[in-house]
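The values are calculated or read from the model by the stated rules, or taken from the named source; none is laboratory data. Remember, predicted model here, so these are calculated numbers, not experimental data. Cβ placement follows ideal geometry from the backbone for every residue including glycine, while neighbour counts extend to all protein chains displayed.
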Amino acid sequence: MARIACFVEKYNFTDPREEKALQNFKQAAARSGHEFDFMFRENVSVIPKYDAVFIRATTDPLFTAYVVSRTASELGLKVVDDPESIQICGNKIHQYALFEKYNIPRIPTLFINREEFHHRQIVEIFREFGKPVVVKAPYTSFSRYVEKVACETSFREVALRFFRKSDVLAVQKFMPTAFDWRVGVLNDEVLYVCKYMIPKGRWKHGAKLRGKPTVIWGRTFSMKRENAPARLKEVALKACKVIGHGLYGVDIKEVSGEYVVVEVNDNPSIYAGYEDLRNKDVYGKIIAYLVD
Amino acid sequence: MKPTAFLHSSIKDFVLNVNNDYRYLKTGYYVSMHAEVLGNRVIPSSESIIDANRTPILLLKASKAGIPTLPYLVTDSVKQIMAAFDFPVVVFAVNPFSYDGFKTARNKSALYRGVKSLGMNYKFAVCVQPLKGEMISFKSIFGKCEQDQALKQISGRAYSVFKIPICKLHVQRVGHEAYLCGFQPLKKEEISSDDMKTISEEIAQMSNLGEHLIG
C-alpha cells in the first residue's frame, strides 16, 4: 500500500466536474488499496510522510505547486508533475526552443525580446507571418495571455503588457481551425484523445465575451484512443519525449492534413465526463504510474 | 557579449552568465536557459536560478548540502505559524513578484501584516523561520564577501551549491553560529566599483580557460 498526496487549491473544487474527477482519483486509489489524501497549501509540510505526490493545482515555476514538486523530488518521492516538466511547460519560450532543437512539427514561432522590440521588427514579423499574428506570454495557461493582433498599435499594446513580467515573448503564425486536438500522454503512452472545439466566431478554446469577465469554453468531444489517427499520436508522443516522461496534454492543430504542435501542457485538466468519457481507465493508469 | 546578442546566437561552449538580476522570466534567466537548450554548460543553471529565488527550496537544498539552516514552515495561515514558532519570527515571501526579501514580526498583529503583504493578500504562501539572533544581509560575489569568517563560509558554500555569481544573501547570526535564511537579487546601484573589480578578476580567471562570457 502506498500513500499518495494530491496537492490541490481551493479553486480545484469550484467546478463540480473537476471535483468529481478528483473523487474518481481517490476511488481509483482506494480500489487498488492505496491511500489518497488531498493536501492544501497550509499543510505542505506533511510531504515527507507520503510516497508520491500528485499535483492538480495549476503549476508554474512561480506558484506554490512548484515548491511542492521540487520539495517532493528532492526528498526522493515520485511526483507528477515533476519540477523539470513544470519548468519547461511553464515557460513556452523554453518549450519552443526545445522543439526547434529537436525538430518537432510546430506552428511557426519567433521570439521577441524587450530590448530589441521596435517598428522594423514588427513590420518584418507581419511580412513573414501575414496578419494577424498571435502574441503569447511564456506563462500562458487556460487560453489566457494569448492574444491575436492585426496592426502595429495593438501589437505594441499587447507586447508591452506582457513584457511587464517577461523579457522574452513568443509570436506565432495565426492558424484558425475548427478544433484543437488534445492528446493526454502519460509515461510515453497515449492516455486519452479529445477534440477541444473552438466556440463559434472565436479563435481559441477559451474565449472571452467582449467587455465581460466570463469566459466561454468550446465543447469537448472525447474519443477512444485506439480510434485516433496514428500520425496524431506519433506527433504527440514525439513532442512529449523532448520534455520528459510525466503526464502531459498536447495541443495539436490539423492544418491541411499535417499535424502541428501548438504546445505541450503539464498538469492537463481532467474533468469527469469530458477527457475520461471514452477512456475510463485514465484514473487507474495515473494512480498506477504514481505508485510504480 | 551582450545578453540579447547571445539569445540569437548558437554558440557551443561553456557560458558564464554575469548579471545582477537572475530572476525567473528576466533576461538573466533566458540567457542561462538558451545556453542549456544549446547543450552548453552554464553558470548559473536555469534550475538553480528558480530554486535559489524560492526560499523553501533554497533552504531544503542548502541543508541537504550541509549548509546550516533553521527550521521553516510554508503556509498562509497565521494560526499555524503561531502554533509552530514563538515570536519573534522572520517572514519570507514565496510569491515570485517581491524583490526585497523579508519582514520580521515580534507580535501577532505584525505577523498578520507581514503574511498579508508578502503573501499578496493571502494569494501566495509565505515561508516563516524563527528569529533567534540578528539578521544580516550582504553581497556575495562569486561566493566572496567582506564579512567575518562564519559568513564567508556560508557565502562560499552557497555559491558551490547554487553557483549564482552575483546576489545578496540573508543570514541569521545566533551567537557564533550563522544560518542561511534567504536570497535576493542585487540592484545595479548596489554594485560598487570594488565589486566590479572582484567580478572582473573572477572573469579573467575563468576566461583563461577559454569560455564565452555574457554580461
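Which ones in the stretch A:38-61 are crowded, with 24+ Cβ neighbours inside 10 Å and closer than 30 Å to A:V135 by Cα?
Hits for the stretch A:38-61 are A:I55, A:T59, A:P61.
If you go through the stretch A:33-48 one residue at a time, do you hit one that is β-branched (V, I, T) and either more than 14 Å from chain B (Cβ to nearest Cβ) or closer than 15 Å to A:V282 by Cα (or both)?
no
Can you find even one residue in the stretch B:115-130 that is more than 30 Å from B:L25 (Cα to Cα) and at pLDDT 90 or above?
Yes, the stretch B:115-130 contains a residue that is more than 30 Å from B:L25 (Cα to Cα) and at pLDDT 90 or above.
Output the qualifying pairs, or none if there are none: Cβ atoms under 8 angstrom, residues six or more apart or on different chains, first residue in the stretch A:212-228 and modelled with pLDDT of 85 or more, second residue assigned to a helix (DSSP H, G or I).
A:R225/A:K233
Could you check how many residues of the stretch B:171-192 are closer than 20 Å to B:P56 by Cβ and touching a residue at least 60 places away in the same chain (Cβ under 8 Å)? Break it down stepwise before answering.
Initial filter on the stretch B:171-192 (closer than 20 Å to B:P56 by Cβ): B:171-172, B:178-185.
Narrowing further to those that are touching a residue at least 60 places away in the same chain (Cβ under 8 Å): B:172, B:178-185.
Residues meeting the conditions: 9.
Test A:Y283 against the criterion of being in the same structural domain as A:G184 (by TED's automatic domain parsing) and surrounded by 24 or more Cβ atoms within 10 Å (Cβ to Cβ), and give yes or no.
It is false that A:Y283 is in the same structural domain as A:G184 (by TED's automatic domain parsing) and surrounded by 24 or more Cβ atoms within 10 Å (Cβ to Cβ).
Looking only at the stretch A:211-223, decide whether some residue is small (G, A, S), touching a strand residue (DSSP E or B) at 6+ places or on another chain (Cβ under 8 Å) and in a loop (DSSP other than H, G, I, E, B).
yes
Looking at (1) within 26 Å of A:S45 (Cα to Cα); (2) away from chain A (no Cβ under 14 Å); (3) in contact (Cβ under 8 Å) with a residue 40 or more places away in the chain; (4) not aromatic (F, W, Y), which one does B:A110 not meet, given that it meets all the others?
Failing condition for B:A110: (3).
From the residues in the stretch A:116-143 that are of a type in the set (D, E, K, R) and in contact (Cβ under 8 Å) with a residue 12 or more places away in the chain, which one is farthest from A:I216 (Cα to Cα)?
Going through the qualifying residues, I end up with A:E128.
Looking at the stretch B:58-77, which of the residues that are among the small types (G, A, S) and more than 15 Å from B:S109 (Cα to Cα) is surrounded by the most Cβ atoms within 10 Å (Cβ to Cβ)?
Looking at residues that are among the small types (G, A, S) and more than 15 Å from B:S109 (Cα to Cα), I get B:A62.
Mind listing whichever residues of the stretch B:168-189 are within 21 Å of B:T104 (Cβ to Cβ) and within 15 Å of the chain's Cα centre (by Cα)?
B:K168, B:L169, B:H170, B:V171, B:Q172, B:Y179, B:L180, B:C181, B:G182, B:F183, B:Q184, B:P185
Which of the residues belonging to the stretch A:49-86 are facing chain B (nearest Cβ under 9 Å), part of a loop (DSSP other than H, G, I, E, B) and out of contact with any Pro (no Cβ under 7 Å at 6 or more places or on another chain)?
A:D60, A:P61, A:F63, listed by residue number.
For the stretch A:133-169, which residues satisfy the criterion of being over 20 Å from A:A97 (Cα atoms) and aromatic (F, W, Y)?
Answer for the stretch A:133-169, where residues must be over 20 Å from A:A97 (Cα atoms) and aromatic (F, W, Y): A:F142, A:F155.
Report yes if A:F36 is more than 19 Å from A:R3 (Cβ to Cβ) and not in a helix (DSSP H, G or I), otherwise no. Outline the logic, then answer.
On the way: more than 19 Å from A:R3 (Cβ to Cβ): no; not in a helix (DSSP H, G or I): yes.
The answer is no for A:F36.
State whether the residues of the stretch B:52-72 include one that is under 30 Å from B:S207 (Cβ atoms), among the basic types (K, R) and not assigned by TED's automatic domain parsing to the domain that holds B:S200.
Yes, the stretch B:52-72 has at least one match.
Output the residues belonging to the stretch A:72-96 that are among the hydroxyl-bearing types (S, T, Y) and surrounded by fewer than 24 Cβ atoms within 10 Å (Cβ to Cβ).
Residues of the stretch A:72-96 among the hydroxyl-bearing types (S, T, Y): A:73, A:85, A:96.
Selection gives A:S73, A:Y96.
I'd like the residue in the stretch A:191-210 that is within 15 Å of the chain's Cα centre (by Cα) and part of a strand (DSSP E or B) and, out of all such residues, is farthest from A:Y274 (Cα to Cα).
Step one: filter the stretch A:191-210 for residues within 15 Å of the chain's Cα centre (by Cα), giving A:191-196, A:204-206.
Going one step further and asking which of them are part of a strand (DSSP E or B), we end up with A:191-196, A:206.
Values: A:L191: 13, A:Y192: 10, A:V193: 10, A:C194: 8, A:K195: 10, A:Y196: 10, A:G206: 15 Å.
Here the residue is A:G206.
Tell me, please, whether a residue that is in a helix (DSSP H, G or I) and within 25 Å of A:K148 (Cβ to Cβ) can be found in the stretch A:237-256.
yes
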